[in-house]
Amino acid sequence: MELETELNNLTSQLPNLPAPDTPTNKEGNKLIDSSEYHHNIQHNLTHEEILKKLALIDEEKSILLSGSKFAVYQGLGSELLHALINLMRSENSKRGYHLFDTPYLVNAHNLYNTGQFHKFQDNLYKLEESNFYLLPTAEVSLVNLYQNQILAEENLPLNLCAYSPCFRAERMAAGQENKGLIRLHQFHKVELVKIVKPENSCQELEKLVVDARHFLNLLKIPHRVIELCHEELGFTAAKTYDIEV
């Protein structure tokens, strides 16, 4: 029993292998594609200045309720938040994703199943005297809906979508001192997940990137797609695309 425990502990520390065509550290991150939109913007304001100018959030009340790195959305800010969430859910449904609303508390083994203990170990919020953690991303819930099940090939791929608030301590995170809506302890996210046959995973990943970019193109937001090199890959990732806005 001790040997089995030690073996499990060791194997759980082995990261995923990068896909063969993933850029090497020497090559660095690779620009895949970009979309440019030119807008007649009169002022060059930071997002923090825009938040204050339009009174989208109330920083003082945020701190009063929960301290720093939380946000109280108000008025137009609250309307905009939910409009974007509803737009994404509606568009994803049209594009063939099955919508879910899942619990915001998950058991430890659910986090382990999706590699979140490796990715967010120092940033998880755990409820005292329980096995519950606050959800760091709805990816955990969506993937674990199908744990311990055998799926029929004819039902694949499964295209899943869920909105949730996400909770992260953001300890030692890059940019943690940024103000506004960056590196919050609680933020809002619409998550897309595909469960696919292994041989189709790269092809389906490309489709996933297209679906994620759909909203940026719909709203005419300039962005670019970067493929991360070996050094930048997360613990569980074989291939990662970052969409930089």
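Computed quantities for the displayed model
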{"quantity": "Qualifying position, being touching a residue at least 40 places away in the same chain (Cβ under 8 Å), of a type outside the set (Lys, Arg) and surrounded by fewer than 16 Cβ atoms within 10 Å (Cβ to Cβ), among SER164, SER141, SER130, SER93", "calculated": "SER93"}
{"quantity": "Lone qualifier among VAL210, VAL245, VAL190 - being exposed (fewer than 14 other Cβ atoms within 10 Å of the Cβ), under 15 Å from the mean Cα position of the chain (by Cα) and of a type outside the set (S, T, N, Q)", "calculated": "VAL245"}
{"quantity": "Any hit, the stretch 7-16, residues being loosely packed, with under 10 Cβ neighbours inside 10 Å, in a loop (DSSP other than H, G, I, E, B) and modelled with pLDDT under 90", "calculated": "yes"}
{"quantity": "Test: GLN74 is at pLDDT below 95 and either more than 22 Å from the chain's Cα centre (by Cα) or small (Gly, Ala, Ser) (or both)", "calculated": "no"}
{"quantity": "Output for the stretch 53-73, where each listed residue is surrounded by fewer than 14 Cβ atoms within 10 Å (Cβ to Cβ) and either closer than 25 Å to ALA162 by Cβ or not β-branched (Val, Ile, Thr) (or both)", "calculated": "LYS53, LEU54, ALA55, GLU60, LYS61, LEU64, LEU65, SER66, GLY67, SER68"}
{"quantity": "Failed item in (1) at pLDDT below 95; (2) in contact with a Gly (Cβ under 7 Å, 6 or more places away or on another chain); (3) not aliphatic (A, V, I, L, M), with ASN159 passing the rest", "calculated": "(1)"}
{"quantity": "Of all residues in the stretch 213-242 being in a helix (DSSP H, G or I) and touching a strand residue (DSSP E or B) at 6+ places or on another chain (Cβ under 8 Å), the one that is surrounded by the fewest Cβ atoms within 10 Å (Cβ to Cβ)", "calculated": "ASN217"}
{"quantity": "Residue match in the stretch 104-126 (condition: among the aromatic types (Phe, Trp, Tyr), modelled with pLDDT of 95 or more and over 19 Å from PHE235 (Cβ atoms))", "calculated": "yes"}
{"quantity": "Residue match in the stretch 98-111 (condition: more than 16 Å from the chain's Cα centre (by Cα) and of a type in the set (Phe, Trp, Tyr))", "calculated": "no"}
{"quantity": "Qualifying positions in the stretch 210-241 - of a type outside the set (Gly, Ala, Ser) and free of Cβ contacts under 8 Å to residues at least 60 places away in the same chain", "calculated": "VAL210, LEU219, THR240"}
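The values are calculated or read from the model by the stated rules, or taken from the named source; none is laboratory data. Predicted model, so just to flag it, every value in this text is computed and none were measured. When we count neighbours, we look across all protein chains shown, and the Cβ atoms used for this are built from the backbone with ideal geometry, even at glycine.
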